[in-house]
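Reading through the structure tokens given below for one structure.
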Amino acid sequence: YIPLIFMGEEYGESSPFLYFVSHGDPNLIKAVREGRKSEFKSFRWKGEPPDPQSVDTFFQSKIDWDSRNRGKHKVLWHYYKELISLRKNLSISSTSDKHKIRVCEQPVDKVFVMHRWDGSDEVIVIFNFNKELVNFKLNIPSGKWTKMLDSADQEWQSSGTELSKTLTAGNKYSIKPLSMAVYRDVKRDSSS
């Protein structure tokens with residue numbers, strides 16, 4: 001599916017997205033303010049909720065486009081660009097054939113391995129949704145799988161990956177917590 005990215009999510013925007021309005025009718029403004037206060041009571045909100053009619057509320061919600069060129073925002077921005085590049089350049093991204101995708105069963109809870117193929121293009125994506133390092137035996141189709149992306153790499157401000165540059169079916173591997181990696185079968189890669 002087409003990825004949907006919301007309000008600076010692709011670089012980790014830190015400005016809140018507050019509800020704001022610009023109404024001219026004083027009765028409507030009063031009703032909106034009272035409605036927001038009532039709604040926030042159910043959230044056990046402490047203090048006054050942001051005033052939706054206030055210009056300050058609007059300005060607090062403005063995104064800072066320049067932050068995508070600094071620090072951790074820049075890293076996340078480049079990570080998203082890398083993911084989008086993979087999506088654009090792998091032919092499997094353009095197929096929606098559900099018969100050319102499967103989740104390989106793993107003996108570890110919260111570790112999923114997706115195998116996807118189309119013509120000569122074939123990829124494996126490993127996801128670890130655990131909050132700790134996981135060791136597991138990899139049940140994937142045979143082939144020589146070469147890493148294309150690993151969210152645990154230091155490049156993405158992680159502590160470094162445990163996964164090797166290549167995968168072989170039946171071998172044991174370790175994957176970092178809350179991470180994912182993409183591999184491609186190089187023997188089927190027509191550009192090799």
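Here are a few things to note about the model shown:
- Condition check for R102 on (1) in contact (Cβ under 8 Å) with a residue 12 or more places away in the chain; (2) under 29 Å from L76 (Cβ atoms): one failure, at (2).
- Residue within segment 12-19 that is within 30 Å of S174 (Cα to Cα) and surrounded by 12 or more Cβ atoms within 10 Å (Cβ to Cβ) present: yes
- All strands (runs of 3 or more DSSP E) inside segment 106-192 with 2 or more residues being open to solvent by 50 Å² or more (accessible area, probe 1.4 Å) and touching a His at 6+ places or on another chain (Cβ under 7 Å): none
- Residue list for segment 39-83, filter: touching a Gly at 6+ places or on another chain (Cβ under 7 Å) and either surrounded by fewer than 15 Cβ atoms within 10 Å (Cβ to Cβ) or among the aliphatic types (A, V, I, L, M) (or both): I63, K72, L76
So that you can scan it fast, the table gives a plain yes or no per residue for (1) more than 20 Å from I2 (Cα to Cα); (2) of a type in the set (D, E, K, R); (3) out of contact with any strand residue (DSSP E or B) (no Cβ under 6 Å at 6 or more places or on another chain); (4) at pLDDT 85 or above:
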{"position": "R116", "(1), (2), (3), (4)": "no, yes, no, yes"}
{"position": "V123", "(1), (2), (3), (4)": "no, no, no, yes"}
{"position": "I126", "(1), (2), (3), (4)": "yes, no, no, yes"}
{"position": "S158", "(1), (2), (3), (4)": "yes, no, yes, yes"}
{"position": "S164", "(1), (2), (3), (4)": "yes, no, yes, yes"}
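- Among residues of segment 31-57 that are outside any helix (DSSP H, G or I), those with a Cβ under 6 angstrom from a residue that is of a type in the set (F, W, Y), sequence gap 6+ or separate chain, pair up as P49/F40; P52/Y19; P52/F20.
- Looking only at residues of segment 76-105 that are assigned to a loop (DSSP other than H, G, I, E, B) and over 25 Å from Y173 (Cβ atoms), we find that the one that is modelled with the highest pLDDT is D97.
- Conditions (1) of a type outside the set (S, T, N, Q); (2) within 30 Å of D150 (Cβ to Cβ); (3) surrounded by 12 or more Cβ atoms within 10 Å (Cβ to Cβ); number of the one not met by I5: (3)
The values are calculated or read from the model by the stated rules, or taken from the named source; none is laboratory data. The structure presented is a predicted model; accordingly, all values stated were derived computationally and were not measured. So basically every Cβ, Gly included, is an ideal-geometry build from the backbone, and we count neighbours across all protein chains shown. Side chains are part of the model used for accessible areas, which takes the heavy atoms of the whole protein and leaves out ligands, DNA and RNA. Shrake-Rupley method; radii C 1.70, N 1.55, O 1.52, S 1.80 Å.
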